[in-house]
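Undergrad: Below is the structure I would like to discuss, written out as C-alpha cells.
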Amino acid sequence: MSEANGNDDRKKHRVHFDRHTPEYRHEFEEITHELQAKCPIAWTDTHGGHWVASGNREVFELARSAEFLSNDHDVKGERRGYKGITIPTPPRAAEAQGGFLEMDPPAQRHYRQALNPYLSPAAVARWVPFVDEVVRACLDEKIEEGRIDFVDDLANIVPAVLTLAMMGIPLKDWTVYNEPAHASVYTPPDSPDMPRVAELSRNMGISLYMALQEIRRSPRPGLIDALVRAEIDGENPPDEELVGVLALLIGGGFDTTTALTAHALEWLSQNPTERDRLSRERSTLLDSATEEFLRFYAPAPGDGRTISADCEIAGQRFEEGERLWLSWAMANRDPSVFPDPDRVDLARKGNRHSSFGLGIHRCIGSNVARTVFKRMVTAVLDRMPDYRCDAEGTVHYETIGIIQGMRHLPATFTPGERLGPSLDETLQTLQRACDEQRLAEPVVRTARADTAR
Amino acid sequence: MKVRVDPERCQGHTLCWMTAPKSFQLDEVDGHSSAVSEDVPADQEEDVREAAHSCPERAIQIF
Ligand code: SF4
C-alpha cells in the first residue's frame, strides 16, 4: 500500500501522451506548451508506461546524466533486458540492435572514435564538390520541365548518394536502400503495406551484410572499412552487430536530412519574402537559418532511454528500469529559452536547439546533414528562385513519432537550362572519382592541430 | 575576458565555431572545440559571448 502511494506520489503528473497519433502532429504546439507549463516531466501510461520530458531544462539535464541513463537494447537478454531508444519497441526492431545508438559506453565510445575521422567538419568539407555535382544533376533532370518533386527528385537522392559514398558502397545502389530507408519509417505497423516494407528492409540488411563481406575481402576506404578494422572493447565485433551499425548509418543519413530539407523548402515557398531575403543575404543568414529550421522542424523528434539506477534528476525521482522519452522537438519550443518559440526567425541568435540530441549520443552525422542541407537549398534558390510548392500534392508523414518527414513535395517553377550530364552519367563519373581519388579516406590529424590541443 | 571550452562537456556541435570562427578551433578528427586563446581580444568579446550562449551542451565558460 505504501509502495503504491509512493508510486502515485512520484507519478503525480500523469498525462495521456501518445506521440504516434496523428493528433500529436496536428496539435503539436498546444500539447507542447500545455506539458511545459503544467508538467515538464510527466508520466504517461501509454505504450507500457513511460516518462515524457518536454521542458528544455529538464531535457538538457536528463540527456546529460549519462550515469543514470542507458541506451542499451539488449536483444538477446544477456544484460538487463533494456529496450533501447524506441518507445514502444517495434516487434521488428526487437530482432536487432540499432547500432551504437542502442549501446552504452565504453563500446559506444569506441565506435564513435572509429567513425569520427570520416564525419568531422574537416572530413565533410572535402565532399562539398561531390555534393554539388549530385545536386546539379538532380536539378538538371527537372530544370527544363519546370516541375520537380523536392522529395523524390532531390532530397531523397543527395543524402542517400553521399551516405553510400562515405560508407564505400557503390553509388548506383542508392535505389536499393532508398525505399526501405524511408518506407520503414513512415509505414505504420498495422498498414497492409507493412509485409512488403519489412521484406524490403530484410533485403537491405542482406545487401549491407554483403557489402561488409566484400569490403573485408577487397578493402576500399570508407565507414565500412573503419568498422571492419575497428577494435570495440578489444575485439572486432561480429558481423551481426556491424550490420546494425550500418543500418544506423543509413537510417541517420537518409531520412533525416530529407525531412529537414523538404520542410525548409516548403516553408520558404509559403514565405517568399523570407526566401528572397535568405537568398540575398545568405552569407550572413544561411548558418542561422539552417539552425532555425533544425530547431523548428526537428527531423528526429526525440529518443527513448531506460533509467539505469534509482536517481533524482531535475527534481523528479526515477526508478531503475523505467522508460523515458526525451523530446528534442518539444524542448526546442520552450519559451524560457527561445523567445516566440513557435515562430521561424531565420536570424535567431543563441539558438541552442537540441535537434541533434544532447550529450554523449549526439548525432555523429550533424556536419554531413548541415552541409548537404545547405548545398541543396542554395542550389534551389539559385536555379529555381520562383518555385512554388503545390499544397495539394504535398504528403507529410501521417505521424511524427519517429521522424517528422515528408513523402512528396511537388513544385513548379520557371524552366531553365541544363548545366551538365544526366544523373546516371554523373553518378558513374563520381564513382570513378571515389575509386581513383579515394575520397572516402578518413582525415588525419595534422601537426598544427596536435600542438593546438 | 577569458574563455575556455570544457572538453568533458563539448560534444562537437560546432555552433561556437560558426558564431565566432576567430576564437574557436575545431579538432580535425573529432570536431571538438577549443579556444584559440584563453584571452579574448576586445573585438571578439561579443561573438564569444554569443557562442557561449549558443552552445547546446553549455560547454563554454567565460570568466
Ligand atoms: S558549440 Fe559547444 S559542444 Fe559544440 S563544439 Fe562548441 S563548445 Fe563544443
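Undergrad: Whole Å is fine, so just give me how far the alpha carbon centre of chain B lies from that of the range A:377-453.
TA: With chain B and the range A:377-453 each reduced to a Cα centre, they are spaced 29 Å.
Undergrad: How much of the accessible area of the protein assembly as shown, probe 1.4 Å, is carbon plus sulfur, in whole percent?
TA: Working: 11150 of 22220 Å².
Carbon and sulfur: 50 percent of the exposed surface of the protein assembly as shown.
Undergrad: Continuing with this model, one more query. Between the range A:135-168 and the range A:262-313, how far is it from one alpha carbon centroid to the other, in angstrom?
TA: 21
Undergrad: Something else about it: Using DSSP to call loops (not H, G, I, E or B), can you name the trypsin sites (Lys or Arg not before Pro) in the range A:349-400 whose Cβ has at most 15 other Cβ atoms within 10 angstrom?
TA: When the trypsin sites (Lys or Arg not before Pro) of the range A:349-400 are filtered for loop state and at most 15 Cβ neighbours within 10 Å, A:Lys349 remain.
Undergrad: What number comes out for accessible area per residue over the range A:312-453 if the probe is 1.4 Å? Units Å², please.
TA: The answer is 46 Å² per residue.
Undergrad: Going through the range A:100-197, which GluC sites (Glu not before Pro) have at most 11 other Cβ atoms within 10 Å and a DSSP loop state?
TA: Values: sites: A:Glu102, A:Glu133, A:Glu141, A:Glu144, A:Glu145; in loops: A:Glu144, A:Glu145.
Hits after loop and neighbour filter: A:Glu144, A:Glu145.
Undergrad: With a cap of 16 neighbouring Cβ atoms within 10 Å, and only residues DSSP puts in a loop, list the trypsin sites (Lys or Arg not before Pro) found in the range A:82-141.
TA: Here the sparse-neighbourhood loop sites are A:Arg92, A:Arg126.
Undergrad: Next question, about the same structure. Output the 0 to 90 degree angle, nearest 10, between the alpha-carbon long axis of helix B:45-54 and the longest principal axis computed from the alpha carbons of chain B.
TA: The answer is roughly 30 degrees.
Undergrad: Mind running the shape call on the range B:3-62? Use the C-alpha gyration tensor, a ≥ b ≥ c as the square roots of the eigenvalues: rounded below 1.5 for a/c, prolate if a/b tops b/c, oblate otherwise.
TA: Note, shape of the range B:3-62 comes out prolate.
Undergrad: Now, a different point. In Å², nearest 100, what accessible area do chains A and B bury in total when the solvent probe is 1.4 Å?
TA: On the way: alone 20490 and 4220 Å², together 22220 Å².
Buried area between the two chains comes out at roughly 2500 Å².
Undergrad: Count the lysine pairs in the protein assembly as shown that are 8 or more places apart or on different chains: how many have C-alpha atoms under 23 angstrom apart?
TA: Value for the protein assembly as shown: 10.
Undergrad: Let me see the P(r) profile for the range A:124-274: every Cα-Cα distance counted, bins of 10 Å, each bin given as a percent of all pairs.
TA: Taking every Cα pair in the range A:124-274, the percentages come to 10, 34, 33, 18, 5, 1.
Undergrad: What net charge do the residues around A:Arg64 carry, taking every other residue with its C-beta under 15 Å from that of A:Arg64, with Lys and Arg at +1 and Asp and Glu at -1?
TA: That sum, taken over residues with Cβ under 15 Å, equals -3.
Undergrad: Go through the range A:100-124 and flag every residue whose accessible area shrinks by 50 Å² or more with all protein chains in place compared to the isolated chain (probe 1.4 Å).
TA: For the range A:100-124, once contacts with the other chains are taken into account, A:Pro121 lose 50 Å² or more.
Undergrad: Still on this structure, I have one more. Sort chain A into rounded, prolate or oblate with this rule: let a ≥ b ≥ c be the square roots of the eigenvalues of the Cα gyration tensor; rounded if a/c is under 1.5, and if a/c is not under 1.5, prolate when a/b is larger than b/c, oblate otherwise.
TA: Details: a/c = 1.66, a/b = 1.24, b/c = 1.34.
Oblate.
The values are calculated or read from the model by the stated rules, or taken from the named source; none is laboratory data. Keep in mind that what you see is a predicted model, and the values were worked out from it rather than measured. Note that we place each Cβ from the backbone using ideal geometry, even for glycine, and neighbour counts take in every protein chain shown. All accessible areas refer to the heavy atoms of the entire protein, side chains included, with ligands and DNA or RNA removed. Shrake-Rupley method; radii C 1.70, N 1.55, O 1.52, S 1.80 Å.
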